[in-house]
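Enquirer: Sharing a structure with you now.
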Amino acid sequence: MPEPAIRDAATVILLRDRGGPEVLMGQRGAKAVFMPSKFVFPGGAVDPGDAAVPLAGLPDPVCLERLGEGVMPDLPRALIAAAIRETWEETGLVLGRAGHWENPPEAWADFAGTGHVPSGEGLRFFFRAITPPGRPRRFDARFFLADADAAGLGGEDFSRASDELSALQWIPLAEARGFDLPFITEVVLAELAAMLRRGAQPGPVPFFDNDDEESLFRRLGGRALL
C-alpha cells in the first residue's frame, strides 16, 4: 500500500512546577487508528482554516525563524493556531488573551465564547519530528513548550475538554516515562529533562527527519534563544 500523506501537526507541552516539573498528558482511545492507548501531549493536525485565524500574540522572533525553516510562509501561523485549537479541544485550557472575536469560524466558536482571542505568546518551538514510514498515519509534528503557571493554566479543571483524551493529568516529569508512551514522546521528555537540568532556555530545535529514504537527527538553527 502507498504511504499516507504527511500532514502538518502541532503539539503543546504544558509544563508546571509543584515542587518539581510536571507535564500535562492524556490517554488516547484504545480504538484510535494512530497510537491507540498511548499517553500523549495535547495536539493534532493543522486544519485548512488555521492559517487565517487571528492571533493576538506570537512566539519570539527566534522561534518564528526556526518554525519557518524550509516551509511555506503561512505555515508557522497555522501551526501556532493549530497548537492553540488542539489544546483547547483536548484539555479545555485557553491559550489566549481576553478579547472579543467577531464571527469566529465554527471550529473556534466555543473558544471565542470564553471571551478570548488565541495568542501564541509564550509558546516556544521545542522539537520537530516526522512519523517514520510504515505507520497508518504520518505527521510532521512541531512540539511547542509553554509555561502553564505563567499562562494561568496550571490548575486541575479540565471540565471543558472534549473526549479526545481521557485520564488528563499532570504527571511528574521524573515519572512520565513509566507510562505507556510513543517512542517519540520518550525522546521529547528526555530533551525536556536535559534542558531543565541545564537551567537554560531551549537552544537549537531537535528534528527527527524521517523521510522515505533515511532517518536523520539534526537541529534547526544554531543560535541560542534570547
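Enquirer: Has the range 27-45 got any residue that is more than 30 Å from P172 (Cα to Cα) and in contact (Cβ under 8 Å) with a residue 12 or more places away in the chain?
Expert: For the range 27-45, residues more than 30 Å from P172 (Cα to Cα) and in contact (Cβ under 8 Å) with a residue 12 or more places away in the chain: absent.
Enquirer: Something else about it: If we scan the range 59-80, do we find a residue that is farther than 26 Å from F207 by Cα, surrounded by fewer than 22 Cβ atoms within 10 Å (Cβ to Cβ), small (G, A, S) and out of contact with any helix residue (DSSP H, G or I) (no Cβ under 9 Å at 6 or more places or on another chain)? Even if it seems obvious, please write down each step before you answer.
Expert: Pass one, the range 59-80, residues farther than 26 Å from F207 by Cα: none.
No; the residues of the range 59-80 include none that is farther than 26 Å from F207 by Cα, surrounded by fewer than 22 Cβ atoms within 10 Å (Cβ to Cβ), small (G, A, S) and out of contact with any helix residue (DSSP H, G or I) (no Cβ under 9 Å at 6 or more places or on another chain).
Enquirer: Is there a residue being assigned to a loop (DSSP other than H, G, I, E, B) and more than 23 Å from Q27 (Cα to Cα) anywhere in the range 88-99?
Expert: yes
Enquirer: Separate question: Test of understanding: among A176, A161, which residue is touching a residue at least 24 places away in the same chain (Cβ under 8 Å), of a type outside the set (S, T, Y), surrounded by 15 or more Cβ atoms within 10 Å (Cβ to Cβ) and under 14 Å from R28 (Cβ atoms)? Show your work before the answer.
Expert: Numbers: A176 fails: under 14 Å from R28 (Cβ atoms).
Of A176, A161, the one residue that is touching a residue at least 24 places away in the same chain (Cβ under 8 Å), of a type outside the set (S, T, Y), surrounded by 15 or more Cβ atoms within 10 Å (Cβ to Cβ) and under 14 Å from R28 (Cβ atoms) is A161.
Enquirer: Working only within the range 1-31, note down all residues that are loosely packed, with under 15 Cβ neighbours inside 10 Å and among the hydrophobic types (A, V, I, L, M, F, W, C).
Expert: Within the range 1-31, M1, A5, A30 meet the criteria.
Enquirer: If you check G49 against the conditions, is it at pLDDT below 95, farther than 30 Å from H100 by Cβ and of a type outside the set (F, W, Y)? It would help to see each step written out before you state the result.
Expert: On the way: at pLDDT below 95: yes; farther than 30 Å from H100 by Cβ: no; of a type outside the set (F, W, Y): yes.
When the stated conditions are applied, G49 does not pass them.
The values are calculated or read from the model by the stated rules, or taken from the named source; none is laboratory data. All of these numbers come straight from a predicted model, not from anything done at the bench. Glycine gets a Cβ as well: all are built from the backbone with ideal geometry, and neighbour counts include every protein chain shown.
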